1. Need pairs with beta-carbon distance below 7 Å; first residue in contact (Cβ under 8 Å) with a residue 24 or more places away in the chain and within 7 Å of chain B (Cβ to nearest Cβ) and within region A:487-499, second open to solvent by less than 30 Å² (accessible area, probe 1.4 Å) and in a loop (DSSP other than H, G, I, E, B); sequence gap 6+ or separate chains.
2. So which of B:Glu63, B:Glu83 ends up being facing another protein chain (nearest Cβ under 10 Å), of a type in the set (Asp, Glu) and part of a helix (DSSP H, G or I)?
3. I'd like to verify a number: residues in region A:360-391 that are in contact with a Phe, Trp or Tyr (Cβ under 8 Å, 6 or more places away or on another chain) and acidic (Asp, Glu), how many?
4. Please enumerate the residues belonging to region B:94-103 that are more than 10 Å from chain A (Cβ to nearest Cβ) and surrounded by fewer than 16 Cβ atoms within 10 Å (Cβ to Cβ).
5. Condition check: assigned to a strand (DSSP E or B) and either open to solvent by less than 10 Å² (accessible area, probe 1.4 Å) or in contact (Cβ under 8 Å) with a residue 60 or more places away in the chain (or both). Does A:Val368 satisfy that?
6. Exactly one of (1) open to solvent by 20 Å² or more (accessible area, probe 1.4 Å); (2) touching a residue at least 12 places away in the same chain (Cβ under 8 Å); (3) over 36 Å from the mean Cα position of the chain (by Cα) is unmet by A:Arg535. Its number?
7. Does A:Ile428 satisfy being modelled with pLDDT of 90 or more and within 14 Å of chain B (Cβ to nearest Cβ)?
8. Identify, please: which residue in region A:588-606 is open to solvent by 10 Å² or more (accessible area, probe 1.4 Å) and farther than 20 Å from A:Val659 by Cβ and is, among those, nearest to the chain's Cα centre (by Cα)?
Amino acid sequence: MKSIVSKGRNVKEAIQLGLDLLKATVDDVHVEIIDQGSKGFLGIGGKPATVRLTKEQEHAQKDAFDQIEKALLEQTVDENTEKVAAFIKDQTAEVVTSQWTEGSQLEGKAWVKNGKLYGRPSATQFPIITIGKGVQVYKNDILIDKETLLITGSHEYTIRTINEEQSTRWSIEVDDQRLRVLLAITPGYRIERSIHDIEPSEHIELVAAEHRVVDNTLTYADVMDRLDNLRIKQGFHQDAILQALDTLEEHTFEIATGQKPKPGKDGWFEVLVDVDIKYNYDGNEKGRIDFKELKTIPSVDRGQIIGLVHPPVPGQPGTTVTNEPLPAKQTYPIVLNLGDGVEGVDNKVVAIKSGRPHVEKRGQLVRVSLLPKLLHRGNVDLSTGNIHFSGDVEVLGEIQNGMKVEADGDILAHSTIFSAHLVTSGAIIAKKNVVGSELSAGKNNMLIVELGHQLHLIHQQLDKMLVVIKQLMASNAFKSSDLQANGLQPLIRLLMERKFKSFSGLIKKYSDVIHGADKFLESDEWKEVAVTLNRFFLSLAPNRISLATLDELLLKINQLYEWSITPVEPNAHITVLSVQNSRLYSSGDIYVIGSGSVNTKIHAGGLLKINGIARGGDLYGKSGVEIHEVGAENSHATTFISVPADQRIRIDKVMEGTVIKIGHVKYRFDTPRHAVHAYLKDDDIAFV
Amino acid sequence: MLSYTTLEEDKLLRVDFKGDLDIEATELFQQELLKKMEEFQSVNLNLKEVPFVDSSGMGLLIELVRTLNEQEISVKISNVTEEVFEVFELLQLPEILGKDVFV
């Protein structure tokens, strides 16, 4: 069926023009009046009349076709220069057709039949079409890129559905160690869309029916080719590969696995004797602490074997998927440092006199010594002078009047400590009260942690500086001729001008701490690094610095830092009966086992535990705080308790005015409270 | 070896450099150029034909700009090649001398 749309000044003229174009008579065609047209006013705003003529005889088609084409080329009609608009329908491009005449109930409606869009505007209603996903509608061969469409008249509307196709995507990745090969696959698919018939309506939605077909096109040969390209030779999982070929869902398969190296074991020192002092803090059944039973001091006799040195056990190398050996992590022997009173025989450490065995471990460094012991029977006061002793110190009398006791073993004080100063790298145990004194246990370690922290900052900056220097040397426009002559100094000065402006401050700070702590440092290495840093970076005197010397310095700094963060075993600690107006500082735990603490600043690198009452002061426990009772009624003194963000504070009874701080969050108790167990939850203090 | 030509325009001195800005330029900068530049109100250093720099050369440049700025002589550095500017940026020369110095 062929139809044309023809326009004229009035219906009659429009029909006549159409018939002329079709070379047909009125009897051969079906006439449909689309628009009666209007004259307008004084020739303004007039509309041409529009009719559609449909010729129903097949044999006339070709003829008509030619005629129309010819007419379109030649003929211009009408004083309004309205062209005769003629549309030819082919079998797939569908339009308003003769079926329009089937009933007036189709007025103002649109519908879809056999995959074709029909529409028929009326005087009062334009049919509305909503275009769904994957559906395209062409108006006179122009794609409509809106979601809604009004059918306004004699246009040709074509529906096309879009099929989607996604090919199978896959990739093979090998991890850095070449121990795992992963095949990630997303199978391809095809979505086929079609339009079903839609009943005539003033508003229709063109929603396509979707049919999804998954198509995994990956082949075994594809996978094997890629594996071959990647030189993967062993550890295949054939079943996983086959699963990947069959999968209809996105998935990642491990298709080959290498053999991990088996880790070895670093050398270690096996201690054969008892070295830990045993404490009994819990007291007897009456809750009283019997100091006579508190401590058992271990000792060894001459010739006794203190411990055995075990060599490292190397690990077993593994194999990568590319069939290369993968070495196991290197294992290291211990570094044995033999102190006083011990000797090494083969792999054994033997006591050559009697005393208390002391074993200090810091990473692979093991220090074994026999600590001598000083027993001081009387008081320590102006008449005896200060005590400095490298070993354990036991004082039976009082320590008073600004006297100082320094040791590098444990200090055991049987009587009161009043206005005194006790320092040791070991533990401090005070059986009576401590008043107005300063006790520091493990101070050496605190210092090393501080220095290590500062060296770490210096290390980061120096590392960055080396990266920039290497970058510069690789730059095309950078001439390194003067570096050969004068070393890196001019360049370092330029770098510290701006980019590493803070570097000199870091070095100065480190040097200051070293300067103040000189005599507490066992090893000269800390000091040597400070001297080198000053010479290289702060000194104005000419100095030839090469990349190699900087690398060396960097390595040394890193070693010292690593050493500083390695925990010391065993940790120092402080145990006192009760304490007032004092300062306690320990790199490990602090226990106050008697009546409690008053107005004392306590800093514990481990747990702080007070069995009695804490009243006033500033208390900190790096591994948490446990106190029986805090504060006092009608007391104005604030007790301040703090722990790091990941630790907890436990108090059996807390009085008002107490402030606790966990991480950076503070909480003040305004009323007494029992069984407090505080921790940090979502940046706020919470109670269990 | 670094050489230069100058172009005087009223109170502006333009210096066109040719060659590498390196340690060998020390004398040139400190003895000749500085004195000449001090007679002008503004100075434009054209580095168009300077293909290489070294750390001493950059040190000289910084020193020169600072000395002149102290005497309230404005300094601009122009036509720096891309490669040389990369080196300047690594050392943050634009931040040291002021970003508006480079034109």
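1. What qualifies is A:Leu495/B:Leu91; A:Lys499/B:Leu91.
2. B:Glu83
3. Residues in region A:360-391 being in contact with a Phe, Trp or Tyr (Cβ under 8 Å, 6 or more places away or on another chain) and acidic (Asp, Glu): 0 in total.
4. B:Gly98, B:Lys99, B:Asp100, B:Val103
5. Yes; evaluated as a whole, the condition is true for this residue.
6. All conditions pass for A:Arg535, except number (2).
7. On the way: modelled with pLDDT of 90 or more: yes; within 14 Å of chain B (Cβ to nearest Cβ): no.
When the stated conditions are applied, A:Ile428 does not pass them.
8. If we filter region A:588-606 for residues that are open to solvent by 10 Å² or more (accessible area, probe 1.4 Å), which is where we start, we get A:589, A:591, A:593-595, A:598-599, A:601, A:603, A:605.
In the following step, the residues that additionally are farther than 20 Å from A:Val659 by Cβ were identified as A:589, A:591, A:593-595, A:605.
Working: A:Asp589: 33, A:Tyr591: 38, A:Ile593: 43, A:Gly594: 46, A:Ser595: 47, A:Gly605: 28 Å.
Result: A:Gly605.
The values are calculated or read from the model by the stated rules, or taken from the named source; none is laboratory data. Everything numeric in this text was worked out from a predicted model, so none of it was measured. Ideal geometry is used to build each Cβ from the backbone, glycine not excepted, and the neighbour counts take in all protein chains shown. The protein model used for the area step is the full one, side chains on, heavy atoms only, and it has no ligands, DNA or RNA in it. Shrake-Rupley method; radii C 1.70, N 1.55, O 1.52, S 1.80 Å.
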